[in-house]
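As structure tokens, the structure follows; a few thoughts come after it.
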Amino acid sequence: MALPDSYTLKPGSIPAYFDAILQAEAPQRFSIKFLEGLEFKNTNDRLLIGVLKDLKFLDTDAVPTKRYYEFLDRSQSRKVLATAIRDAYADLFGLNKDAHKLSAEEAKNKLRTLYAGSKKDGVIARIARTYTALCEYADFSSALPTSPPKEKKEEAGKPGASHPPETTIPSALQKSVSLDSLQYHINIVLPESRDQAVYDAIFKSLRDHLR
């Protein structure tokens, strides 16, 4: 199951936590002492370490990972967090690709289904509030890699059409005329035109002169 067990009792402090991480040099180990050095000295603040582990900012020994260092790049920090959230809550995004837009109550209802009775409602509610606070801080504006959409064919004569319409008339017409033992090949290159009358006139002329 790609769902976290961690939560914070201070979801309103999520922005302050991550802002402080951005302002500090990465530690060799993200310890309680380091957290207190960031001025988070309440025992409830210590729950942040578990959240960071679930987000894969820290390994099991609380050592900063590559993702932690990527987050320190302020130009992409919130996008890095968004990717971490998608990974940590993959099952939730499996139910709803726009799960980052869910309210805390909506997230709680989805998580209750996913945890399938393995957690009490009180715990699920705390996880849901932590999740929504993380999503509010993260930047989900960058679209995930997807297959490029297929280009739609535009109708002939449609205003604003950027490509000429498809037609069954070939771009070049080859006509063979046999006179006794002689054979002539006439190659006619048709002009590009959206006016069907142009092609009709060309073919009428061919019929009249090549009979």
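The values are calculated or read from the model by the stated rules, or taken from the named source; none is laboratory data. As the structure is a prediction and not an experimental result, all values here were calculated from the model. Glycine also receives a Cβ, built like all others from the backbone with ideal geometry; neighbour counts cover every protein chain displayed.
Among the listed residues TYR69, TYR89, which satisfies the condition of being within 20 Å of the chain's Cα centre (by Cα), at pLDDT 95 or above, within 23 Å of SER13 (Cβ to Cβ) and not aliphatic (A, V, I, L, M)?
When all the criteria are applied, what remains is TYR89.
This table checks each residue for (1) touching a strand residue (DSSP E or B) at 6+ places or on another chain (Cβ under 8 Å); (2) assigned by TED's automatic domain parsing to the domain that holds LYS120; (3) surrounded by fewer than 20 Cβ atoms within 10 Å (Cβ to Cβ).
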| site | (1), (2), (3) |
| --- | --- |
| GLY37 | no, yes, yes |
| PHE40 | no, yes, yes |
| ARG46 | no, yes, yes |
| VAL51 | no, yes, no |
| PHE57 | yes, yes, no |
| ASP61 | no, yes, yes |
| ARG74 | no, yes, yes |
| LEU81 | no, yes, no |
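Do any residues in the stretch 1-26 that are outside the structural domain of LYS79 (by TED's automatic domain parsing) and of a type in the set (S, T, N, Q) have Cβ atoms under 6 Å from those of residues that are at pLDDT below 95 and surrounded by fewer than 19 Cβ atoms within 10 Å (Cβ to Cβ), where the two are at least six apart or on different chains, and which pairs are they?
none
Go through GLU39, GLU70 for me and flag whichever is among the acidic types (Asp, Glu) and assigned to a helix (DSSP H, G or I).
The conditions single out GLU70.
Quick check: is even one residue across the stretch 1-22 over 23 Å from the mean Cα position of the chain (by Cα) and of a type in the set (Asp, Glu)?
The answer is yes, given that some residue of the stretch 1-22 is over 23 Å from the mean Cα position of the chain (by Cα) and of a type in the set (Asp, Glu).
On the given criteria, is GLY94 more than 20 Å from LYS10 (Cα to Cα) and outside any helix (DSSP H, G or I)?
no
Does LYS33 meet the test of being free of Cβ contacts under 8 Å to residues at least 12 places away in the same chain, at negative phi, part of a loop (DSSP other than H, G, I, E, B) and not hydroxyl-bearing (Ser, Thr, Tyr)?
no
Just a yes or no: is a residue in the stretch 149-165 surrounded by 14 or more Cβ atoms within 10 Å (Cβ to Cβ) and either at pLDDT 95 or above or not in a loop (DSSP other than H, G, I, E, B) (or both)?
No, the stretch 149-165 has no match at all.
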